[in-house]
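Here's the structure we're looking at; comments come further down.
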Amino acid sequence: MLAVHLVQQSATPLRILLIDRAGTVGDGIAYATPNARHLLNVRVANMSAYDSDPDHFVRWLARSEATGMPAPSGAFVSRGLYGRYLRSTLSECLATHSGSSVIGVAAEVTRLQVEEGGVRLTTSNGDDHLVDRAALCVGNFPPALPVVPKATPLGAKRYIANPWSGALSQIGVDDTVLVVGTGLTMVDVVIDLRSRGHRGRIVAVSRRGFLPVGHREVGTYPSFLPADCLPQSVVALMRTVRREIATAAKRGIDWRAVLDALRPQTQALWRALPTAERRRFLRHLRPYWEVHRHRVAPVVSAEISTLQRAGQLVVHAGRTAGVELTDTGVVLIIRRRGETRLPLEGDWLVNCSGPQLDYERIDDPLIRTMFDAGLAKPDPLSLGLDVSDDYRLIDRDGRSSDVLFALGPPIRGGLWETTAVPDIRKQCAALAIQLCEAWRRYSAG
């Protein structure tokens, strides 16, 4: 999306490098899945690549041979199809803006240096690229278990640390699968296993045992928070939202409509909270927000409910206290509130505990070299990277960079809601305008 907006905004031709270890464009983790039952968690009406053209994706679906038939604006289509849409959008953009080029580089950045001439990127294939500006659109990093597993050499193979690595194909149809995490990734794993004909039990564990809530068709709800008087505490915000949900319920309006009305103000609400209140939200309310705000397609929610009723999917609430990976199986030990430890036995362990957010602990060569050189630092909440309001990386000494930027999941500490397409497309458009205006001023002398 950033490449598209840059090409469209620039008055002069651009040369853009898209560096990705997989060498693909538009897929990432989310949209690379070949499973047609992995659906978008947002209706197609809200998935346009352009905030200024909200029907762009709907129109693409209507004319695309990939779908076979038009999709209504309230539909939830496959994520793989959305990846095709992004690639098509980039191709169409380049076809109508001659001179600019977007070059895919199948490698990962292992070193980043800021020089007088710009930014030097060293990639895993041994090449060096000198560029004027660099934007980190690195998405989410794989999850990390809260405990270190005790494992035999053969037992270690029973642990699938990254559910998107393709290792799920090793699981037998009657095997018992233990899953750490009960959020959106767990749902994807369940759908994937079911698509492979899996009949065994799936036991999922998280601290509170919450499952994502399903979407429903609800109407629009008016904004109920004055922009000039946003709540300054988590308690005040929670009381206001609960009161509004109760008022809406008396009129027969679903709570989903009320939460959706908060959508345009979520980032402003986050910014209005002092750091101590943001920490309080993360400590006490975050799990409740996640399952109610980031919902799943109705058909997916219905399948998860059916599996629960049949006993094939079992969900436990408890902290992960230990993991043993042996030659014959897996033992996951959880500590439930007010109870002693509970051992759960299975054949496989899959980590779906959510993306790793503390960048100090992320073992990625790009992040490590940037931290070591002082070019970047974690945000105060350890949710990602510290950035300015205009997406500039903030270095170890608190200075905003003129050449390094970040978008999407890495900047959730400053904006909180920054992982969904409606948020990311606004960031891409804003940064493209910002960069192109800076280049125009520079060129004008």
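Points worth noting:
- Residues being surrounded by fewer than 16 Cβ atoms within 10 Å (Cβ to Cβ) and either under 20 Å from H215 (Cα atoms) or in contact (Cβ under 8 Å) with a residue 60 or more places away in the chain (or both) - total across the range 230-259: 5
- Pairs are defined by a Cβ separation below 6 Å, a sequence spacing of at least 6 or placement on different chains, a first member in the range 364-377 that is in contact (Cβ under 8 Å) with a residue 24 or more places away in the chain, and a second member that is surrounded by fewer than 19 Cβ atoms within 10 Å (Cβ to Cβ) and not charged (D, E, K, R); the pairs so defined are P365/T110.
- Lone qualifier among G117, G74, G99 - being over 30 Å from P143 (Cβ atoms), touching a Lys or Arg at 6+ places or on another chain (Cβ under 6 Å) and of a type outside the set (D, E, K, R): G74
- Lone qualifier among V173, V187 - being farther than 27 Å from G408 by Cβ, assigned by TED's automatic domain parsing to the domain that holds R319 and not polar (S, T, N, Q): V173
Residues are listed down the side, and each one gets a yes or a no for (1) touching a Leu at 6+ places or on another chain (Cβ under 9 Å); (2) at pLDDT below 95; (3) under 21 Å from G408 (Cβ atoms); (4) assigned by TED's automatic domain parsing to the domain that holds G23:
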position	(1), (2), (3), (4)
L94	no, yes, no, yes
G99	yes, yes, no, yes
E108	yes, yes, yes, yes
V114	yes, no, no, yes
V119	yes, no, yes, yes
A135	yes, no, yes, yes
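- Options V403, V331; residue that is at pLDDT 95 or above, assigned by TED's automatic domain parsing to the domain that holds V42 and out of contact with any helix residue (DSSP H, G or I) (no Cβ under 8 Å at 6 or more places or on another chain): V403
- Answer from R243, R286, R280, R271 - the residue that is among the basic types (K, R), more than 17 Å from G414 (Cα to Cα) and outside the structural domain of H316 (by TED's automatic domain parsing): R243
- When the strands (runs of 3 or more DSSP E) confined to the range 341-445 are screened for residues that are farther than 26 Å from L40 by Cα and among the charged types (D, E, K, R), those reaching at least 1 such residues are found at 341-346, 392-394, 400-406.
- Criterion: outside any strand (DSSP E or B), under 21 Å from I424 (Cβ atoms) and either touching a Gly at 6+ places or on another chain (Cβ under 7 Å) or without any contact (Cβ under 8 Å) to a residue 12 or more places away in the chain (or both) - qualifying residue of R59, R84: R59
The values are calculated or read from the model by the stated rules, or taken from the named source; none is laboratory data. Note that the coordinates shown come from a computational prediction; the quantities given were computed from them, not determined experimentally. Positions of Cβ are generated from backbone atoms using ideal geometry, with glycine treated the same way; all protein chains shown enter the neighbour counts.
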